[in-house]
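Worksheet: one structure, shown below.
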Amino acid sequence: MKRNGLYSALLTVLILAFASVKCNAQDWTHFRGPNGDCRVSGFKAPASWPASLNQVWKVTVGTGDASPVLFDKKLYLNTRQGDNEVVLCLDALTGKEVWKESYASDPVTGPAGSHPGPRSTPSVGEGKVVTFGVAGILSCFDAATGKLLWRRNNPEKAVPDFFAATSPLIMDGNCYIFTGKKDNGAFLCLDLARGNEKWRWTGEGPAYSSPSVMQIDGRKQIVILSEKSIFALDAATGKLAWKIESLPKQRFYNSSSPVIDGQTLYLTGQGTGTKAVRIVKEGTGYTPKELWTNSGVGTKWNTPVLHEGNLYGFSDSRKIFCISSTDGNTAWVDNTVTSDFATLLDCGSILMGLPSTGFLIILKPDNKAYTEVAKYRVAETPVYAFPLVAGNAVYVKDAESLTMYTF
């Protein structure tokens, strides 16, 4: 009885603590956050960093590299369990299952077979959750109950060489998704309520990145990286706005998403370095104009973050770097080797990096030198998903589990 009472008291303290920080924290509604820029609001760094993080709970959820998303104190995940892909809704405080839905999905085969689960992060909004399975099955669920609202199967089994990895985007009553296979892709705008097609763009096959949003002259453009180029489509009409050739080099693939700052794009990729491009309106159209190129520093599988005039990221040589967003000059490259599979979040006063090694790295954003503030072991198995930060809570999805830590 004494032990149960202690547990109840501890849970009450956690509920009150989570509620107090959650009101200042943002929901994390799709890949790379609600604004697609990896910026976390509401995080307050501790006065002194602890020796280790407090593990609140850990639950087995299934295999996959898809990141969790958060809305209204609920976590949503897409994973694989056995022969099925599953969509999970968990209570963000306790890790308890709220609902679970599953469907049969073809297994991952060939060179990609070592990553058997979904790669695409769900998108949650307007009372719905949209998932894109590794075999190209697009599903929409009621966020509160898990009821399936609509589904688009993939009978042609059209997926890229390493299977579907782009994430869906919910915006303005629509769902946007890049489907298809090598040399034959379709970017779709679907009515979120019913899944009906509003418009489609066809052409090059999808890459392994996710769509971003740019706004010019009051109109939203969907910025998309394909297997061969980066281009923008008018969000309302699907009309092509502009296009830049973006061929991968050294037998690599387009995997990074663009970093968007107003009308400026920062593009990086495997073997291609990093460049800045500004989209300029000329007459009735738009023209991309290159601002600078840094051929010496680029990423492989991850996307940098933009913080106070500098780009920070994990390079294709597995090192953390900082380059100026103004002129592209390299500020520094740290000599410590980490991983080319890595994620990075901008938490304001600090940056939070998570390589596949399972160590959460706390960095001070500093263009003078690499400054590591703290480092924590958060997973014993490789991590390929973004950590999710809400208030003083950090959620980490590893090979098969989801864990909640607090600072």
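Residues are listed down the side, and each one gets a yes or a no for (1) within 18 Å of residue 39 (Cα to Cα); (2) modelled with pLDDT under 95; (3) in a strand (DSSP E or B):
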| position | (1), (2), (3) |
| --- | --- |
| 345 | yes, no, yes |
| 352 | yes, no, yes |
| 360 | yes, no, yes |
| 374 | no, no, yes |
| 381 | no, no, no |
| 389 | yes, no, yes |
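Any residue in region 266-283 that is out of contact with any strand residue (DSSP E or B) (no Cβ under 9 Å at 6 or more places or on another chain) and among the small types (Gly, Ala, Ser)?
yes
Restricting to region 133-142, give me the number of residues that are farther than 28 Å from residue 219 by Cβ, assigned to a strand (DSSP E or B), touching a residue at least 40 places away in the same chain (Cβ under 8 Å) and of a type outside the set (Gly, Ala, Ser).
The number of residues fulfilling the criteria is 1.
Exactly one of (1) farther than 28 Å from residue 165 by Cβ; (2) under 19 Å from the mean Cα position of the chain (by Cα) is unmet by residue 367. Its number?
Evaluating residue 367 over (1) farther than 28 Å from residue 165 by Cβ; (2) under 19 Å from the mean Cα position of the chain (by Cα) leaves (2) as the failure.
What are the residues in region 311-330 that are part of a strand (DSSP E or B) and surrounded by fewer than 18 Cβ atoms within 10 Å (Cβ to Cβ), if any?
Answer for region 311-330, where residues must be part of a strand (DSSP E or B) and surrounded by fewer than 18 Cβ atoms within 10 Å (Cβ to Cβ): 324, 330.
For the structure I just gave you, tell me whether residue 285 is within 25 Å of residue 65 (Cβ to Cβ) and either surrounded by fewer than 22 Cβ atoms within 10 Å (Cβ to Cβ) or in contact (Cβ under 8 Å) with a residue 60 or more places away in the chain (or both).
In short, no.
Identify the residue in region 40-62 that is crowded, with 18+ Cβ neighbours inside 10 Å and modelled with pLDDT of 95 or more and, among all such residues, is nearest to the chain's Cα centre (by Cα).
Restricting to residues being crowded, with 18+ Cβ neighbours inside 10 Å and modelled with pLDDT of 95 or more, the top hit is 40.
Only one residue in 145, 179 is crowded, with 17+ Cβ neighbours inside 10 Å and either modelled with pLDDT of 95 or more or assigned to a strand (DSSP E or B) (or both), so which one is that?
Result: 179 is the single residue among 145, 179 that is crowded, with 17+ Cβ neighbours inside 10 Å and either modelled with pLDDT of 95 or more or assigned to a strand (DSSP E or B) (or both).
Exactly one of these conditions fails for residue 390: (1) surrounded by fewer than 20 Cβ atoms within 10 Å (Cβ to Cβ); (2) closer than 19 Å to residue 67 by Cα; (3) not β-branched (Val, Ile, Thr). Give me its number.
(1)
Only one of (1) modelled with pLDDT under 95; (2) assigned to a strand (DSSP E or B) fails for residue 209. Which number is that?
So residue 209 meets the others, but not (2).
Filter region 298-332 down to the residues that are of a type in the set (Val, Ile, Thr), farther than 20 Å from residue 349 by Cα and at pLDDT 95 or above and list them by number.
326, 330
Tell me, which residue of region 231-275 that is among the acidic types (Asp, Glu) and touching a Lys or Arg at 6+ places or on another chain (Cβ under 8 Å) is modelled with the lowest pLDDT?
Selected residue: 245.
Looking at region 148-176, which of its residues are of a type in the set (Val, Ile, Thr) and in a strand (DSSP E or B)?
Across region 148-176, the qualifying residue is only 170.
The values are calculated or read from the model by the stated rules, or taken from the named source; none is laboratory data. Model, not experiment: these values are computed from the prediction. Note that each Cβ is placed from the backbone with ideal geometry, even for glycine, and that neighbours are counted across all protein chains shown.
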